[in-house]
Amino acid sequence: MTDTSKSWTALQAFRRDAARFFKEREELLDCGLVALIANVHLFILGPPGTAKSMLAESLAGGIGGARYFYTMLNKFMTWRDLACGEVTVREETVGTSKSIRFRNSEGPLLFAHFIFLDELFKASAATNNSLLNLLQERIYTINAGEVGRAPVLMVIGASNEAPGGEDEHLRAFADRFLLWHEVDYISVSDDYNTSFIDMLEGSDPLPTSDLTLEDILYLRGEAQKVRVDRAILGVINSLRATLRLEHKIEPSDRRFKAAIGAIKAFAFLNGRAEACIEDLGVLEHILWAGCERENRGVVRRVVREYSGESGLSAIESFYREGINLYDGALSLLGQADREIPFDDAQQKRCDGLRNEALAKERQLDGMAVRIAREIESLNTRRAITLARYFLNQTNVLRKALVSRRGVEDPFVGVGRGAR
């Protein structure tokens, strides 16, 4: 019989070590672990070089006995290319007739526990349709009339771009990935956050664990025992009503139903036997699947309101406003640099532009203060981690403006003193 404490300890140790190695990827890592425990799939959206495939390899490598399969999809790849190994040819005799029989053998994909499908939306519609049974039912067909069962624990799909509104068949395929996470490059390091420098230094070892395939199956069973009170279901209903009635965003009933398993897994991952309001935060990665970017922000804000993390939405708003202030200040400084102060009027205009930029810089300072103040009111690990990221990035923008403003004026000695 599997030891509960051993499995749990190994899971948390892997979570901790992986979070230390994958800088600013705690949220993505938790999505991966939730998908694994909830027996669903994960889609990662993000540019190349953001550790998408490395995370998948680490999840597979952290589980003893797990087999991993990676492929990069393209429009010419067929289901046979993906799923089949060698073809055996056998001559059969029935009475006086002879025939040749061809039989496909299973390829590495069908023996894998972890599957990483890179460039997820590049495959043809026919290949996607063949993958659906593997994603939904863990079954496959490579020889007519024969159905096999694959041991896959989780499929991770990745793409540099989400399917557009015209790609309806891709949206249906992508809907089979319950959790969606968008990842970006590591933020610029400063005095308070040295993640990028730490990554370059490479002092943290790749995460390993004592987890086994048996442990994963056992943890899945334990996660399903997590209770979801009817009051929590009522909150989910209210959240759905807000998205549907106020914002015309309507995730499918299937997605909401599957989300319950993810909520249980998230609560279990955080050591709870009963789901609470905080655990609804995982819906942020479930209900925006397939949404346009503007709708995605709405989903995040609504989920945070209902999961007790409205302060995080306020912090993100301050951060977005800070970006606008930074861009505005840079534009003003750029205009000032292009002004050639040949006379007092032009000098006055140049000084005015720089003063306007300085005013925006001071407003940005105020945004950083407000974010730091709001962080003190947060009480969930997830919210605090994200909020600190927003604070760090705001401080980076502040320092960039100070540095930009301090650049030597290229027209010193050419202006009034030279006339």
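Annotations for the structure displayed:
- Residues in region 265-287 that are under 17 Å from the mean Cα position of the chain (by Cα) and of a type in the set (Phe, Trp, Tyr): PHE266 alone.
- Considering the conditions (1) without any contact (Cβ under 8 Å) to a residue 60 or more places away in the chain; (2) part of a loop (DSSP other than H, G, I, E, B); (3) touching a strand residue (DSSP E or B) at 6+ places or on another chain (Cβ under 9 Å), ALA267 is excluded by exactly one of them, (2).
- Filter pass, ASP215 being closer than 30 Å to ILE277 by Cβ, of a type outside the set (Lys, Arg) and more than 21 Å from the chain's Cα centre (by Cα): yes
- When the criteria are applied in full, ILE186 fails the requirement of being exposed (fewer than 13 other Cβ atoms within 10 Å of the Cβ), in contact with a helix residue (DSSP H, G or I) (Cβ under 7 Å, 6 or more places away or on another chain), within 27 Å of ILE286 (Cα to Cα) and in the same structural domain as VAL40 (by TED's automatic domain parsing).
Results for (1) buried (at least 17 other Cβ atoms within 10 Å of the Cβ); (2) in a helix (DSSP H, G or I); (3) not assigned by TED's automatic domain parsing to the domain that holds ARG404, shown as yes or no for each residue.
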position	(1), (2), (3)
GLU316	yes, yes, no
GLY322	yes, yes, no
GLN335	no, yes, no
PRO341	yes, no, no
ARG349	no, yes, no
ASN355	no, yes, no
GLY366	no, yes, no
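- Unmet criterion (only one of (1) outside any helix (DSSP H, G or I); (2) aromatic (Phe, Trp, Tyr); (3) at pLDDT 85 or above) for TYR326: (1)
- Of all residues in region 20-55, exactly one satisfies the criterion of being modelled with pLDDT of 90 or more, of a type in the set (Gly, Ala, Ser) and out of contact with any strand residue (DSSP E or B) (no Cβ under 8 Å at 6 or more places or on another chain), namely ALA38.
- Looking only at residues in region 227-256 that are over 24 Å from the mean Cα position of the chain (by Cα) and among the small types (Gly, Ala, Ser), the one that is surrounded by the most Cβ atoms within 10 Å (Cβ to Cβ) is SER238.
- The listed residue being outside the structural domain of LYS23 (by TED's automatic domain parsing), touching a Leu at 6+ places or on another chain (Cβ under 8 Å) and among the hydrophobic types (A, V, I, L, M, F, W, C), out of LEU219, LEU243, LEU233, LEU211: LEU243
- Scanning region 201-219 for residues that are assigned to a loop (DSSP other than H, G, I, E, B), more than 10 Å from PHE14 (Cβ to Cβ) and out of contact with any Lys or Arg (no Cβ under 7 Å at 6 or more places or on another chain) turns up GLY202, SER203, PRO205, LEU206.
- Which listed residue, of PHE173, PHE177, PHE196, is part of a helix (DSSP H, G or I) and either acidic (Asp, Glu) or within 26 Å of LYS23 (Cβ to Cβ) (or both): PHE196
- Filter pass, ASP184 being more than 30 Å from ASN129 (Cβ to Cβ), touching a Pro at 6+ places or on another chain (Cβ under 9 Å) and not in a helix (DSSP H, G or I): yes
- Restricted to region 200-212, and to residues there that are within 23 Å of the chain's Cα centre (by Cα) and small (Gly, Ala, Ser), the residue that is surrounded by the fewest Cβ atoms within 10 Å (Cβ to Cβ) is GLY202.
- Any hit, region 270-277, residues being among the hydrophobic types (A, V, I, L, M, F, W, C) and assigned to a helix (DSSP H, G or I): yes
The values are calculated or read from the model by the stated rules, or taken from the named source; none is laboratory data. Because the structure is a prediction, the values reported are computed rather than measured. Using ideal geometry, Cβ is built from the backbone for each residue, glycine included, and neighbour counts are taken over all protein chains shown.
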